[in-house]
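The values are calculated or read from the model by the stated rules, or taken from the named source; none is laboratory data. Note that the structure is predicted; figures quoted are calculated from it, not measured. With ideal geometry, Cβ positions are generated from the backbone for all residues, glycine too; neighbour counts draw on all protein chains shown. In case anyone asks, the SASA skips ligands and DNA or RNA and just uses the protein heavy atoms, side chains included. Shrake-Rupley method; radii C 1.70, N 1.55, O 1.52, S 1.80 Å.
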Amino acid sequence: MENVWFLAAVWVGLALIATLLAIWFKISTALSEIVVGTVAQFIIGAIVGPAALGSSSAWVSFLAGTGAIVLTFLAGAELDPDVFRVKWKESLVVGLASFGAPFLGAAAAARWLLGWEVGASWLAGVALSTTSVAVVYAVMLELGFNTTEYGKAMLAACFVTDLGTVLALGLIFSPFTLRTLIFVVTCGALFAILPIVTPRFFRRYGGRVSELETKFILLALFAMGGLAIWAGSEAVLPAYVIGMLLAGSVGRDHRLIRRLRTLTFGLLTPFYFIRAGSFVSLPALAAAPMVFVVLFFAKMVSKLAGVFPAVRAFRYAPQEGLYYTLMMSTGLTFGTISALFGLGHGIIDAGQYSHLVATVIGSAVIPTLIANAFFMPVHLRPSELPEAEPVREVPAAAGKEAENV
Amino acid sequence: MFRRILVAYDGSEGARAALRRGIELAKALGAELYTISVEEHLPHYAASISEVKAAKEEIDDYFHTLTKQARDQAAMNGVELETVIRQGHEVETIVTMAKEGSFDLLVIGYHGHSRIFERTMGSTAQSIVRLAPCPVLVAK
């Protein structure tokens, strides 16, 4: 399809369908968009032609890439620095174990059980090492764990795991040339300056209709993303670190985050997730279902082997430890970003990409269901039910609201 | 007779009927009146915390408005209404609150928001009637 506006209408139409499905089935829009992208490519590809959806066109790639970068920035900016300071030891140990064990375990399984090439195996390790902080956060919020020390420590550990994933993705496939050195030095300088300059700059010039803050953040993300690509690294690496460094300042500006959210979820991430889904090959998945099984169990078993002992070392009971481990076994956003990076750089082929994305989606859903069905540490949930009170006289005045949210 | 009445209230047509009945009963019997509103629509398997937070803010706004309207409606009838908002599975949360709050009457609407879902997967009202620890009045 050569008419850009018709093609844009198709993509936005797909995003709308995905949003409606997400509302009806009570799942996230991102997950729905991946599935819609996969099915749309399958149907449109069969009827019109494989390139009809235009997933590889420059403008779609730009919007999708920007979506991934801004989404990664927001993910970093959502870190709660205060919790991390209090629980840094536990978060660091559990988070690193949660990254390291599946990184090695999944890579080993891909290499020796599936016979993938070395680069593809490392990529599988990176994609399956992730923990979805958003999946964990939603469960914590729904069950009230987000207000407990247990839930806060788990969320902080998720950020460490994802930092490990992003660093691995940014550096493992890097060629380590002079460009890499320039990239690393520039990153170091910028990472030192940004947390000091940004809040002052925003205080001086921010809060206007011209959206200076958004432009400033996009400038930093695009410039560092460009430098990362130039150095043979990945644009999401500086985006995530910039997000984490600005979490204490920009991350607490709820109005700014809300505006970025509107831009990201309204326009950018639909292109990213639908595009990610459109590269999934259903025939490839159907042809080798055992690949999914091997990758899925490689992730689960290695997460269990790494995270459970680390959690137990911090004196959690077995049930609490298992729940913690299963939650840390979830994955979604960084898993798909890693897989798409691999596909885009020719590290993995379309079949391997399809299996990795399927495994990532499986790991978002299955561990959560098992954890909540069998291992939920109910005793750690904050008490929220009102005590039964003795019968009392009913005053005439209006009542009050007793919220326990 | 009934001294503590709990109304399951999600703002649907059925729930509004349940609230009207609850207010009438509380007024007639001099009973304590509570509503329980269950937030069960947080997106599962979200891509970012922002998505979850945005959904939570929307839900909070909706339920704050809803419960304020309910309290105003009760106050106009001279009844004090205490509203509770919880997260979780609708049936489980309502039944648990009825049980642990020692309510002796639970008032629910015949239909919630999703009639299609209820017709295909079974009604929330049916499940609550089956599991509730106290008498249940189903309002139409």
Protection-proxy order for peptides A:48-56, A:60-68, A:171-179, each taking the mean of Cβ atoms within 10 Å per residue, highest first: A:60-68, A:48-56, A:171-179
Integer Hz, Karplus 6.51/-1.76/1.60 couplings in order for the stretch A:326-339, x for Gly and Pro: 5, 5, 6, 8, 6, x, 7, 4, 5, x, 6, 4, 5, 5
Length added when fully stretched, A:Ile43-A:Val293, from 0.36 nm per residue minus Cα-Cα: 87.4 nm
Area buried, chain B against chain A - accessible surface, total, 1.4 angstrom probe, square angstrom: 4300
Euclidean distance between Cα centres, the stretch B:34-106 to the stretch A:120-155, Å: 26
Inter-centroid distance (Cα atoms) of the stretch A:169-215 relative to the stretch A:262-324, Å: 29
Backbone N within the stretch A:180-224 under 14 Å of label point (7 Å from A:Arg252 Cα along the Cβ vector): A:196, A:199-200, A:203
Under-5 Å amide H pairs with B:His44, H placed in peptide plane, nonlocal only: A:Ile27, A:Ser28
Backbone N within the stretch A:218-246 under 20 Å of label point (7 Å from A:Arg208 Cα along the Cβ vector): A:218-220
Pairwise FRET efficiency - B:Val129 versus B:Ala28, Cβ, R0 = 25 Å, nearest 0.05: 0.65
Candidates B:Gly11, B:Gly101, B:Gly109: whichever shows maximal mean-square fluctuation once chain B is modelled as a Gaussian network with Cα springs under 10 Å: B:Gly101
Rounded D (µm²/s) - the stretch A:134-249, Kirkwood Rh over Cα pairs, Stokes-Einstein at 20 °C, 1.002 mPa s: 134
Spherically averaged projected area of the stretch B:33-76 from its Cα convex hull (nm²): 3.2
Summed residue charge, Cβ within 14 Å of A:Glu211's Cβ, Lys/Arg positive, Asp/Glu negative: +4
Fraction of alpha-carbon pairs over 17 Å apart in the stretch B:51-99 - percent: 50
Qualifying trypsin sites (Lys or Arg not before Pro) for the stretch A:249-284 [loop in DSSP, other Cβ within 10 Å: at most 16]: none
Å² of accessible area per residue within the stretch A:4-377, as computed with a 1.4 Å probe and no ligands counted: 40
Whole-angstrom Cα spans of the stretch A:258-349 along principal axes, big to small: 44, 43, 21
Shape metrics for the stretch A:1-100, restricted to C-alpha atoms - Rg then Dmax, Å: 18.8, 56
Total formal charge among the other residues, if their Cβ is under 15 angstrom from that of A:Tyr272, Lys/Arg +1 and Asp/Glu -1: -1
Highest-MSF residue in chain A out of A:Gly232, A:Gly45, A:Gly248 [GNM, Cα springs under 10 Å]: A:Gly45
Spin-label model distance (nm) - A:Ser56 vs A:Trp24, 7 Å beyond Cα toward Cβ: 3.3
For the stretch A:4-377, the spread of Cα positions along each principal axis, largest first, Å: 55, 53, 48
The stretch A:304-380 - Debye-derived log10 I(q)/I(0), Cα point model, q = 0.11, 0.21, 0.24 Å⁻¹: -0.38, -0.86, -0.98
Residues with amide H under 5 Å from that of B:Leu137, placed H, sequence gap 5 or more: B:Leu106, B:Val107, B:Ile108
Sequence-separation-based contact order of chain A, relative, with Cα cut under 8 Å and 6+ spacing, percent: 27
Surface share of carbon and sulfur [accessible, 1.4 angstrom probe, percent] for chain A: 70
Most fluctuating residue given options A:Phe296, A:Phe103, A:Phe375, as computed from a GNM of chain A linking Cα atoms under 10 Å: A:Phe375
Contact order normalised by residue count of chain B, Cα under 8 Å, 6+ apart, percent: 35
Distance histogram in 5 Å bins (all Cα pairs of the stretch B:4-139, percent per bin): 2, 11, 20, 23, 19, 13, 7, 3, 1, 0
Label-to-label distance, nm, for residues given as A:Arg312 and A:His345 (7 Å Cα→Cβ offset): 3.6
Cross-link reach list, lysines versus A:Lys89, counting only Cα pairs under 29 Å and skipping chain neighbours closer than eight places: A:Lys152, A:Lys299, A:Lys303, B:Lys53
